[in-house]
Amino acid sequence: METPDRIRRVVILGGGTAGWMTAAALSRSFGRTVQISLLESAEIGTVGVGEATIPTIHWFNELIGIDEAEFLRATEATFKLGIEFVDWTAPGHRYFHPFGQFGATLPGVAFHHRWLKARAEGCDVPLSALSLAAQLAAQGRFAKPVGDARSILSTLGYAYHFDAGLYAGYLRQLSEAAGVRRVEGKLRNVVRDGANGFVTALTTERDERLEGDLFIDCSGFRALLIADAMGEGYEDWSHWLPCDRAVAAPCTRVAATTPYTRSTARAAGWQWRIPLQHRTGNGYVYASRYASDDEAMATLMTSLDGEALAEPRLLRFTAGTRRRPWRGNVVAIGLSSGFLEPLESTSIHLIQSGITKLLTLFPDRGCDPVLAERFNTVFSRDMDGIKDFLILHYHATSGRSEPLWQHCRTMTLPETLVAREAQYRRSGRLILDADELFREASWLAVLNGQGIAAQGYNPLADAIDGSTNRAQVLQIADVIARAAPTLPLHDAALAQRIAAA
Ligand SMILES: Cc1cc2nc3c(=O)[nH]c(=O)nc-3n(C[C@H](O)[C@H](O)[C@H](O)COP(=O)(O)OP(=O)(O)OC[C@H]3O[C@@H](n4cnc5c(N)ncnc54)[C@H](O)[C@@H]3O)c2cc1C
């Protein structure tokens with residue numbers, strides 16, 4: 001039965017990663033039952049960075065029906081097993097935040113309590129020895145997870161690095177083939193209904209008019225619909241996350257690509273290194289309070305591991321969020337909804353989780369405020385959880401003396417983070433909400449990597465005899481140590497996957 005109140009026309013403002021991911025997902029999900037238009041301006045351009053992802057990217061690729069081999073080819077992608085953090089806790093120190101799980105799923109208590117017990121009883125096996133992903137990364141190797149829980153390969157997780165420009169182009173191709181109409185031009189005016197404040201149309205400088213029932217704001221940091229038209233404010237988190245600029249520059253690729261992102265702490269922030277098939281992406285994220293743009297550029301350009309392929313680009317941002325990214329019939333997705341620096345590669349995840357939430361809560365034309373409220377509540381929870389996880393990296397350092405790091409070490413932390421950290425220190429427990437993005441393995445990797453040690457562990461682990469526990473923990477480390485060298489080098493694994501029909 002036809003429902004007269006159904007949304008028939010969706011207008012997306014912006015054609016960056018957020019705009020084209022939204023267009024691809026909506027066109028795939030609704031087919032031609034909803035007419036989708038996308039307005040973007042080549043003159044304004046896109047942020048054009050955003051090249052490292054986390055494993056949730058697989059949901060999105062599945063949602064839009066992407067073939068992995070084609071995707072790897074089209075976006076010059078590489079595989080990613082996690083992030084190597086260099087010089088964070090103190091200069092000279094490194095640790096790895098792997099995807100996938102530590103140890104193995106054994107009956108009873110969570111594995112990391114077994115490890116903590118073994119440590120408390122004198123076994124010095126490091127956490128990284130219990131992650132196949134971390135061991136593969138250290139050796140420049142790669143393998144995909146398998147479903148069989150008896151195999152150590154089942155403990156792996158992976159994501160991708162890709163060229164952001166090629167990715168948006170690839171999604172544009174898919175979207176246009178599925179019927180999305182792209183309109184080139186600059187926004188001139190946002191037309192609103194005087195009675196309920198809903199947006200009814202966008203007009204362009206060439207006097208085109210895009211009418212719609214639902215408007216998705218993917219206009220990036222400009223937030224032209226959610227902020228300028230709907231008046232939604234921005235909650236500034238820069239007192240916790242003081243980095244507010246980045247310089248980015250690609251360089252030539254190295255001989256063998258590494259299956260991980262590297263994040264190196266610097267005096268006023270940190271530097272990313274993202275290996276792609278055709279080049280390496282680099283950027284220095286810094287706090288302008290502690291380094292000038294010239295200093296940041298010099299730091300970046302003198303620490304590239306290949307020849308620079310372009311002049312450095314400067315980007316400005318403020319860490320923070322919009323509490324109501326959905327207002328009326330406007331939904332903000334992407335940078336317009338908030339920004340958390342790319343330390344844990346979460347922005348593309350937030351785009352796809354915004355899209356998934358929108359699809360689950362997709363409204364009729366009246367835009368039931370209950371749906372918007374639900375969207376906003378879940379979005380806020382996502383942002384708050386990620387924010388705490390990022391702050392942990394900055395504040396838990398002991399050996400960095402520069403002003404940024406001193407500030408972060410002594411700043412007042414969110415209560416939620418203080419409580420979580422204290423509980424971990426006391427009991428080794430990681431108390432998480434069911435829908436938090438970063439799970440136990442991630443918190444464990446970063447807490448441990450940043451030098452926070454648990455004093456206790458779950459008493460349930462004492463139900464296992466100490467020597468049996470120790471032998472099992474060591475056995476898993478041994479299985480991992482023996483498996484890793486038998487798996488393919490990353491470039492070989494990538495070439496094989498790309499060649500797949
Ligand atoms: C330094 C940095 C590093 C990052 N690294 C990562 C990472 O490693 N991993 C990750 O997941 N994310 C990363 N991100 C985030 C990621 O880049 C963004 O989430 C992603 O690119 C989405 O951006 P967007 O589409 O919201 O905005 P944009 O790319 O800015 O796109 C905005 C669009 O709106 C259009 N537009 C704007 N104004 C108008 C107008 N007046 N008229 C018409 N069109 C208009 C523009 O033309 C453009 O098409 C990073 C971000 C920064 C700043």
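Observations
- Estimated FRET transfer efficiency when R0 is 30 angstrom, pair LEU314-ARG206 (beta carbons, to 0.05): 0.50
- Spacing of the two label points (7 Å from each Cα toward its C-beta) at THR33 and ALA500, in nm: 3.2 nm
- Placing +1 on the Cβ of every Lys and Arg and -1 on the Cβ of every Asp and Glu, with no other charges, gives the chain a dipole of roughly 480 debye about its Cα centre.
- Potential lengthening of the chain between LEU359 and LEU489 amounts to 42.9 nm, from the contour at 0.36 nm per residue minus the alpha-carbon distance.
- Whether the stretch 209-286 is rounded, prolate or oblate, judged on the alpha carbon gyration tensor where a/c under 1.5 counts as rounded: oblate
- Fraction of accessible area attributable to carbon and sulfur, the stretch 1-49 (%, probe 1.4 Å): 50 percent
- The sum of -39500 (n - 2.57) across all DSSP H runs of n ≥ 4, divided by the residue count of the chain, sets its helix-only mean residue ellipticity at 222 nm to -10500 deg cm²/dmol.
- Rounded FRET efficiency, nearest 0.05, which uses the C-beta distance separating GLU415 from ASP193 and R0 of 41 Å: 0.50
- Placing a pseudo-label 7 Å from each Cα along the Cα-to-Cβ vector at ASP294 and HIS407 gives an inter-label distance of 2.1 nm.
- Considering only beta bridges that DSSP places wholly inside the chain, some 70 percent are antiparallel.
- Where chymotrypsin sites (Phe, Trp or Tyr not before Pro) fall in DSSP loop in the stretch 130-160, at most 11 other Cβ within 10 Å: none
- Euclidean distance of C-alpha centroids, the stretch 338-410 and the stretch 157-184, integer Å: 23 Å
- Inter-label distance for ARG150 and LEU432, nm, one decimal - labels placed 7 Å from Cα along Cα-to-Cβ: 2.8 nm
- Here's the picture: a label point sits 7 Å out from the Cα of ASP478 along the beta-carbon direction, and within the stretch 126-147 the residues with their amide nitrogen under 17 Å of it are 126, 129-131.
- Per residue solvent-accessible surface (Å²) - the chain, probe of 1.4 Å: 41 Å²
- Carbon/sulfur fraction of accessible area - the stretch 120-211, other protein chains in place, 1.4 Å, %: 46 percent
- Förster-model FRET efficiency, 30 Å R0, VAL370 and GLU235, C-beta, rounded to 0.05: 0.85
- Gyration tensor verdict on the chain (Cα atoms; rounded if a/c is under 1.5, prolate if a/b is larger than b/c, oblate otherwise): prolate
The values are calculated or read from the model by the stated rules, or taken from the named source; none is laboratory data. Because the structure is a prediction, the values reported are computed rather than measured. Every residue, glycine as well, gets a Cβ built from its backbone with ideal geometry; the counts of neighbours run over all protein chains shown. Quick note on the areas: whole protein, heavy atoms, side chains included, nothing else; ligands and nucleic acids left out. Shrake-Rupley method; radii C 1.70, N 1.55, O 1.52, S 1.80 Å.
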